[in-house]
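Below: one structure, written as structure tokens.
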Amino acid sequence: MENDSQLSAHRQRSLQAVMADGLRLYARHFSKFVRSSWLQATVYAIVAGIAMTYFFGSLLPLIATDKALMPESALWGGLLLLFLVAAYVFACAGGVSPLREHWDTDHISRPKHWWGCWPWRLTLKGITTLPRMFWQTIRHGHIGQLVAAALIMLLLVAVATLLLLMPAIILATANIEAQAGIAAGDAIDLPEQIGMLNFLTFTLCSFLQAYIHLATLFPLYYIWGGTKSGQHTENQLETK
């Protein structure tokens, strides 16, 4: 059994160690995270692909021509809500559930089923538990470390997105420029298959994006773990 005793979350860490150990844990068990959540990531990617295709194909032309946005904007809002739900379920299956096991055992096991894991009880419980965890981290004076880690991960995610998701960025730019040209009275210069091209490109890139964003959970996990470890030490001293 592979053991991550050196990467245990049951001790306090500096900001540098939080970042290094969080990314090391993610890289070491990346294949397990994918096995645990590839189906949820696929659902997330399809929802994102549909939402982006609808935005560029239906909503953006209305915005560019200053036309009424109802009921298109209502449908767009529904797609965004579905997107957020899919992202949350994916994060629980691919990150929160394995990290809970790592907290208890210093080990992350391979999922038992080919379709990964669907931790519904943890997903529902996390709606209230995760905000409490963040509040606990802030309340125990780790807000500086939390903000610094979040900013560093935001920068790393932005760089990784620019490098790995360039096809989606290029396609989005082409859609925006085309709609701006149409609004100015220019001829339509987009191919007839632009809708299918949008869907395939944004869906594939969203799948990759899911696992880029998932990495942000792991430094935060060590920050919260340091908070819990510090609280445990304080309780021991009070007991003595």
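Every number here is computed from the coordinates shown, using simple stated rules; none is lab data. These numbers come from a predicted model, not from an experiment. No Cβ is skipped: glycine too gets one built from the backbone with ideal geometry, and neighbour counts run over all protein chains shown.
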- Exposed-loop cut sites defined as chymotrypsin sites (Phe, Trp or Tyr not before Pro) in DSSP loop states with at most 16 other Cβ within 10 angstrom; longest site-free run of the chain spans 116-240
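Where nothing but the Cβ of Lys and Arg (+1) and of Asp and Glu (-1) is charged, how large is the charge dipole of the chain around its Cα centre, in debye to the nearest 20? Intermediate results must be reported in sequence, preceding the final value.
On the way: 16 positive and 14 negative charges, 224 e Å.
Once rounded to the nearest 20, the dipole reads 1080 debye.
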- Message: With Cα Rg over 2.2 N^0.38 Å as the read-out, I listed [x] 1.21; [y] 1.16; [z] 1.28; which label goes with the value calculated from this structure?
- Response: [x]
- Choose one of Val85, Leu122, Leu155: the residue whose Cα lies farthest towards the positive end of the charge dipole of the range 75-184 (beta-carbon charges +1 Lys, Arg; -1 Asp, Glu; about the Cα centre). Leu122
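Label the range 48-126 by shape, choosing from rounded, prolate and oblate, from the square roots a ≥ b ≥ c of the eigenvalues of the Cα gyration tensor; if a/c is under 1.5 it is rounded, and otherwise prolate applies when a/b is larger than b/c, oblate when it is not. Write down the numbers at each step before the final one.
Details: a/c = 4.16, a/b = 3.35, b/c = 1.24.
It comes out prolate by the Cα gyration axes.
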- How many angstrom lie between the C-alpha centres of the range 80-111 and the range 1-38? 13 Å
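Let me spell out the model: positive unit charges on the Cβ of Lys and Arg, negative unit charges on the Cβ of Asp and Glu, origin at the Cα centre of the range 59-140. What dipole size does that give, in debye rounded to 20?
Numbers: 8 positive and 5 negative charges, 59 e Å.
Approximately 280 debye in magnitude.
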- Item | Mean Kyte hydropathy of 1.6 or more with a Cα span along the axis of at least 30 Å, helices from DSSP in the chain | 143-164
- Selected from Leu99, Ile50, Ser37, residue furthest toward positive end of dipole (the range 1-126; charges at beta carbon): Leu99
- Item | Unit charges at the beta carbon, dipole of the chain: most positive-side option, Ile143, Leu197, Ile182 | Ile143
